[in-house]
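Every number here is computed from the coordinates shown, using simple stated rules; none is lab data. On a predicted model such as this, the values are computed, not experimentally measured, just so you know. Reconstructed Cβ throughout: ideal geometry from the backbone, glycine too, with neighbour counts over all protein chains shown.
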Amino acid sequence: MRADLEIIEKWIQPESHVLDLGCGDGTLLDYLQREKQATGFGLEINPDHITTCMGRGVSVIEQDLDVQGLGNFHDQSFDVVLMTQALQAVRRPDIVLDEMLRLGRECIVTFPNFAYWRLRWYLMRQGRMPESETLPYKWYNTPNIHLCTFKDFEALCYRKNIQIMNRTVVDSEHRYRWFNRLWPNMLGQIAIYRITR
Amino acid sequence: MPDSLPPDSVGLVEPQTLHFDEPLTLACGQTLPHYDLVVETYGDLNADRSNAVLICHALSGHHHAAGYHSLEERKPGWWDSCIGPGKPIDTNRFFVVSLNNLGGCHGSTGPISTNPDTGHCYGPDFPVVTVKDWVDSQAKLADRLGIKQWAAVVGGSLGGMQALQWSLSYPERLRHAVVIASTPRLTAQNIAFNEVARKAITSDPEFYDGRYAEHNATPRRGLMLARMVGHITYLSDASMGEKFGRELREEAYKFGYDAEFQVESYLRYQGERFSETFDANTYLLMTRALDYFDPAYDYDNDLAAAMSQARCEFLVLSFSTDWRFTPTRSEELVNAMIAARRKVSYAEIDAPWGHDAFLIPTPRYEDIFTAYMDRVAREVQQ
């Protein structure tokens, strides 16, 4: 399992009711169902991922956050709402965060840090929109329309009265390194936040 | 029918008639003292009887879902595209049971059967049966076959309603319900179309208040009209446009009212063919069963409260151009299942054929159906 999913998994209590927004092929939900007796649903729009989820017994709903929103889910109907590597790709991340916190007691989000030193260096040296392993797109075809830095995210949380319960920073292989912790906004590539209200 | 049977066909099949002597009490309050169900089965029941799949048919369907009755048969069973060796409902792994529902006109007890009280056919005296009644009769069929729990109950349209009703009436007796192109209840528009169909039949002078058999008559024109209007709701504007467009049967307008456009002659042909093979009283009964279906009704119109009775897992599928039972109706059902914390997977399949899409294989439909049923099979073979 991907290293960031291993970190997330530790933050989820057994028998939690989980909503995974952009659940991919259902790896995490499958693991949570088997190892932690979790229940819940994944939302996904990629047809191949949806088929894979169905084949492995992960409950998956075809639903596009940007088009349909999350209005069909009730307030506080989940223990945890997850969103891994998708916040930067939705039309309004701030509204999605509000919605996630409406549905779940806790939320876990992961996203790439645009203030990572290599990206800063790329922009400074080349004067062009950075491309990297975690962000392998051109400015015109990237799905990542709302890139932000850790500082930006935390500023948004502050403004919205969102409490940060845990924060971990990992590299592109999702490994946890000591220097990430030293200066996360400069040295961290991917952030994992556990938030509540 | 070609000279040889395709390798992915269940092959030659033979329906059997099962007689039930135990009375069946219906939702309308009447009781059927005894009844017959016509059944086809495909594949083999495994040792612990856990690999059985029930197929529920839609409005004009019947027990002949797959394979051929003879080498002369022109077309295989109505869902042959999805049932057979290597197909989504894989008969190498599942024991598939398909029946003609009560009230039908293909061999199970219905309006054309003999009423034991009179010695004549029931005709309009056959009680109105509901989806719940069908499921009760299907449970008796399961008992007869020694099936305590279905691996899955599967159906499209009105068949999907039966799969849904199974999950509520007998929550412990199925592991999965596959509900395709269906709805938790008809809308006013759906009921309105049914009413037009019924009115077409009952206003045919040959209908004789449903006692047409006694008059040696058949309300053929009414049945034809009913089917024509029904058929329009099964297709999409786009698929009709593609199939017929404004194409004329002959080169120029004839300034008359015969079937000049291809679509007119197609509808007339479909209607005529249907009116020769289907019973009018059965058509009335089936459309009424559709109208009455509403599992939320008993729960203060709270569908989530109804769904919390279910124990099985669900696969719900809708089709993008289905305007009879739109994707929104399926989503309504899925949302109730989510609120009730039932296990459910849902996909809206992009297909141009309207409601009929559930009968037509497309790559994504097949992929999903196969992946899901494969998992169902893996569960029972452990």
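Tell me, how many Å apart are the Cα centres for segment B:320-364 and for segment B:62-108? Between the Cα centre of segment B:320-364 and that of segment B:62-108, the gap is 23 Å.
Name the shape class, rounded, prolate or oblate, that the alpha-carbon gyration tensor gives for chain B, where a ≥ b ≥ c are the square roots of its eigenvalues, rounded holds for a/c under 1.5, and otherwise prolate holds if a/b is larger than b/c and oblate otherwise.
Rounded, since a/c falls under 1.5.
The simple spin-label model puts a point 7 Å past each Cα toward its Cβ; for B:Arg211 and A:Arg2 those points are separated by 7.2 nm.
Of all DSSP beta bridges confined to segment B:27-138, the antiparallel ones make up roughly 45%.
Coupling constants for segment A:48-56 follow from the phi torsions by the Karplus curve (6.51 cos²θ - 1.76 cosθ + 1.60, θ = phi - 60°), and in residue order they are 5, 4, 4, 4, 4, 4, 4, x, 9 Hz; glycine and proline get x.
Residues whose amide H lies under 5 Å from that of B:Glu313, counting only those 5 or more places away or on a different chain, are B:His176, B:Ala177; hydrogens are built 1.01 Å from N in the peptide plane. For B:Glu272, the shell of other residues with beta-carbons less than 13 Å away shows a net charge of +3, using +1 for Lys and Arg and -1 for Asp and Glu. Using a simple spin-label model with pseudo-atoms 7 Å out from Cα toward Cβ, B:Ser70 and A:Asp66 lie 5.9 nm apart.
Looking only at the protein assembly as shown, where both bridge partners belong to it, what percent of the DSSP beta bridges are antiparallel (to the nearest 5)? Let's see the in-between values first.
Details: 27 of 74 bridges.
Here the share of antiparallel DSSP bridges comes out near 35 percent.
Rounded to the nearest 20, the size of the Cβ-charge dipole of the protein assembly as shown about its Cα centre is 2360 debye, with Lys and Arg at +1 and Asp and Glu at -1.
Candidate cross-link partners of B:Lys148 among the aspartates and glutamates, defined by an alpha-carbon separation under 19 Å and a same-chain spacing of 8 or more, comprise B:Glu22, B:Glu40, B:Asp44, B:Asp48, B:Asp133, B:Asp136, B:Glu172, B:Glu313, B:Glu379. Going from the fewest other Cβ atoms within 10 Å to the most, the residues B:Ser330, B:Ser320 appear in the order B:Ser320, B:Ser330. As I understand it, the value is the acute angle between the Cα axis of helix A:27-36 and the longest principal axis of the Cα atoms of chain A; what does it come to in degrees, rounded to 10? Orientation of helix A:27-36: about 50 degrees from the principal axis. Between helix A:93-103 and chain A there is an angle of about 30 degrees, using the helix long axis and the longest principal axis of the Cα atoms.
Counting only residues at least eight positions apart within a chain, or on another chain, the lysines with an alpha carbon under 20 Å from that of A:Lys160 are A:Lys151. Computed over neighbours whose Cβ is under 10 Å from that of B:Arg220, the net charge equals -3, Lys and Arg +1, Asp and Glu -1. Projecting label points 7 angstrom from Cα along Cα→Cβ for B:Leu248 and B:Arg268 puts them 1.6 nm apart. Choose one answer from B:Ala181, B:Ala65, B:Ala27: the residue with the largest mean-square fluctuation in a GNM of chain B with alpha-carbon springs under 10 Å. Maximum among the listed residues: B:Ala27. Taking θ as phi - 60° and the Karplus parameters 6.51, -1.76 and 1.60, the scalar couplings of segment A:78-86 work out to 10, 6, 9, 10, 10, 8, 9, 6, 9 Hz in sequence order, x denoting glycine and proline.
Anisotropy class assigned to segment B:152-279 is oblate, per the alpha carbon gyration tensor with a/c at or over the 1.5 cut-off and a/b no larger than b/c. Under 17 Å of direct C-alpha separation, and excluding same-chain neighbours fewer than eight residues apart, B:Lys132 reaches these lysines: B:Lys140. When the inverse distances between all different Cα atoms of segment B:162-229 are averaged and flipped, the Kirkwood radius reads 14.6 angstrom. Remark on B:Ala65: its backbone amide H falls under 5 Å from those of B:Trp78, a criterion applied only to residues 5 or more positions apart or on other chains, H modelled at 1.01 Å from N.
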